[in-house]
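The values are calculated or read from the model by the stated rules, or taken from the named source; none is laboratory data. Since we're looking at a predicted model, the values are computed, not measured. Virtual Cβ from ideal backbone geometry, glycine too; neighbours counted across all protein chains shown. Keep in mind that these areas ignore ligands, DNA and RNA; they rest on the heavy atoms of the full protein, side chains included. Shrake-Rupley method; radii C 1.70, N 1.55, O 1.52, S 1.80 Å.
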Amino acid sequence: MERVAACILSETPATILDRGNQEAVHRGGTVSIGMPSNRTRDFARHFVRVLFDGARDEEAVRQRLLHAYRPITPWLADVALHLLGRDDVPDAFDEAAWVGRVLADPRFEHAVSVRGLPRPVRWPLAERPSSPPRWVVAGLPSLESPSALARWLGLDPGELAWFADTWGQEARRADGALRHYRYRWHARDYGADRLIEMPKRRLRALQRRLHDELLVRVPVHEAAHGFVRERSVIGHARLHAGRAWVLRVDLERFFTGITAARVRGVFECLGYPLDVARLLAGLCTNRVPDDVLRSAPHGALPWTARQDFRQAHLPQGAPSSPVLANLVAWRLDARLAGWAARRGLAYSRYADDLTFSGDLPDRRAMATCARTVARIAEDSGFRVNHRKTCVFGAHQAQRVTGLVVNEAPNVARAEYDQLKAILTRCVRHGPCDENREGRADFRAWLRGRIGWCASVNPARGAKLEVLYARIVWL
C-alpha cells in the first residue's frame, strides 16, 4: 500500500492536468473556470488547515495530505509545496489570506475543474497560528516534558499513555473494565437524547486534580457565568433585568462539539510543550464507542451528532469539561462582548446559553442581532440551534436561565404557586401523598426548592419557610 501511495504521489500536476484535459476533450467537454463555489471555498479552508497542522517539509506535507483525503490526490501535495515555496510567503498565519492564495492558484483552480474535489477523511486542528499566543498565568505547575507530567500525576509513563488514550482505544474496547468511562443516556421528550460520559474512579481523580490545581487558576472571560466560582445563575440573570428586549441563543452540542485539538490549543496557550499539551488533552477528552451510540433511547442519532461523539471531544460528565469549555469559548465571548457593547447591548453566557438584552426599538432589530450572533458563533467554531432562538419583549415573561427578569430576577409565578400548593397540602394532609413522583428524599427536595426560591426572592422564601415549619413529618 505504501509503495502504491508513493507512486501515486510522485505524479506531477502537469501530467494529471494533461490527462484530465484529454479526457474532457475526448468526452466533447470543455474546461471552464469560474467563481469558486461554497464547497470549493470550504475545501480550500480545510486544505489550508491540513497544510499548517504540522511541519512544513515536503515529506510531512505529503504524508498529512495522504491521510487527509480520499481518493489519494497527488496534485494537492504539489499545489501545497508550490504555495509554501513562493518567495512572498508571510511569516504570520492568516487563514483567510491563505484560503485566498489557494483559490487564486492556477494549478488548484485548473485541477479542481478537471478532477473534482476529494473527500476529507481527517479533520485538522481548528484555526491556530503557527506560534500560538501565550497566556501568562501565575501558579501553574511546571510540566516541561511528558515524564514531568507523569511524575506530577503520580503515574509512570505507560499509565499516563493509557489514561490519555494516545492510541484511541476507548472507542474500540469491548464493554467492561478496560473502558475509562461509563455511559448513561437521558431520554428527552424533545430534542436529541443526552449522553452522560462518566469517567471511572482513577481517571476522574486525575481530571479533578487538573481542574483543582491547573485549570481553575486560569481566568475565564467576564461574560462567562456558568461553572465559575463566585458567579451564578442569579448574577447572570441580573445583568438583563428591566430591559426592553431579551434575546436568547442556544449553542448546539456545546461540549461534544469541542474537539481534542481545541483543548490541546488551550494547553499550548498556557505555555506547555506540544507533546505535554497532547497528553493533557487526551486526559480530558473521550471517544464514544459505536455500541453506546447505537443504544440511544430514541433510535439512531443524526449523522453529525454521531461524528461529534466518535471524534475526541469534551465529555459531558467529566469534572474538567466545564472549565475547559469556558476557556475554549474565550474568543467567542470576547467577540460577542465587543460587538454587543458597540450596539448598546448587555451580553453574558451561562454554559451554552447566550443572552443579550437592550433597549432596541423593535423586535425586528433584535432578530437582526440574532443572525449576526449566529455568524459570529459559527465563525468561532460553535453551532447555533436556531430552533431555540427566542426574543422576549417587556410585555412578555422574559426568561433567562429559568428566572423571570422583567423587573428583577425572580422565580416564575407558576413555579412559586405550585411549590406553595404542595407545601399547603403537606400541612393539611401530610407529606406522604404529595410525593407523587417517587423522590428518594422528598423532604430534602422540598428544602432544596425552598432554598432556591429564598436565594432569588427572600420575601417569598420566608413565606414558604413558614409553611414548611408546620409540616408534621412521620
- Message: Tell me the residue from 178, 210 that is out of contact with any strand residue (DSSP E or B) (no Cβ under 9 Å at 6 or more places or on another chain) and either free of Cβ contacts under 8 Å to residues at least 60 places away in the same chain or small (Gly, Ala, Ser) (or both), please.
- Response: 178
- Message: Quick check on the stretch 189-229: of everything there that is in a loop (DSSP other than H, G, I, E, B) and open to solvent by 70 Å² or more (accessible area, probe 1.4 Å), which residue is nearest to residue 137 (Cα to Cα)?
- Response: 219
- Query: Do you know which residues across the stretch 365-378 are open to solvent by 30 Å² or more (accessible area, probe 1.4 Å), more than 18 Å from residue 304 (Cα to Cα) and not polar (S, T, N, Q)?
  - Reply: 367, 371, 375
- Quick one: which residue in 125, 76 is of a type outside the set (Lys, Arg) and modelled with pLDDT of 80 or more? 76
- Considering only residues that are in contact with a helix residue (DSSP H, G or I) (Cβ under 8 Å, 6 or more places away or on another chain) and exposed (fewer than 13 other Cβ atoms within 10 Å of the Cβ), look in the stretch 426-450 and name the one that is nearest to residue 473 (Cα to Cα). 433
- Message: Taking the criterion of being assigned to a loop (DSSP other than H, G, I, E, B) and polar (S, T, N, Q), would at least one residue in the stretch 388-395 satisfy it?
- Response: yes
- Any residue in the stretch 228-250 that is under 13 Å from the mean Cα position of the chain (by Cα) and at pLDDT 95 or above? yes
- Item | Hits in the stretch 410-445 - residues which are of a type outside the set (D, E, K, R), within 35 Å of the chain's Cα centre (by Cα) and assigned to a helix (DSSP H, G or I) | 414, 416, 444, 445
- Which one is most open to solvent (accessible area, probe 1.4 Å) among residues in the stretch 340-364 that are farther than 20 Å from residue 386 by Cα and not in a loop (DSSP other than H, G, I, E, B)? 342
- Task: Within the stretch 244-260, identify whether any single residue is aliphatic (A, V, I, L, M), in a loop (DSSP other than H, G, I, E, B) and over 18 Å from residue 314 (Cβ atoms), and answer yes or no.
- Result: yes
- Message: Quick check on my filter: what residues within the stretch 386-406 are within 33 Å of the chain's Cα centre (by Cα) and not hydrophobic (A, V, I, L, M, F, W, C)?
- Response: 386, 387, 388, 389, 393, 396, 398, 399, 401, 402, 406
- Out of 257, 235, 299, report the one residue that is open to solvent by 10 Å² or more (accessible area, probe 1.4 Å), under 30 Å from residue 391 (Cα atoms) and without any contact (Cβ under 8 Å) to a residue 24 or more places away in the chain. 235
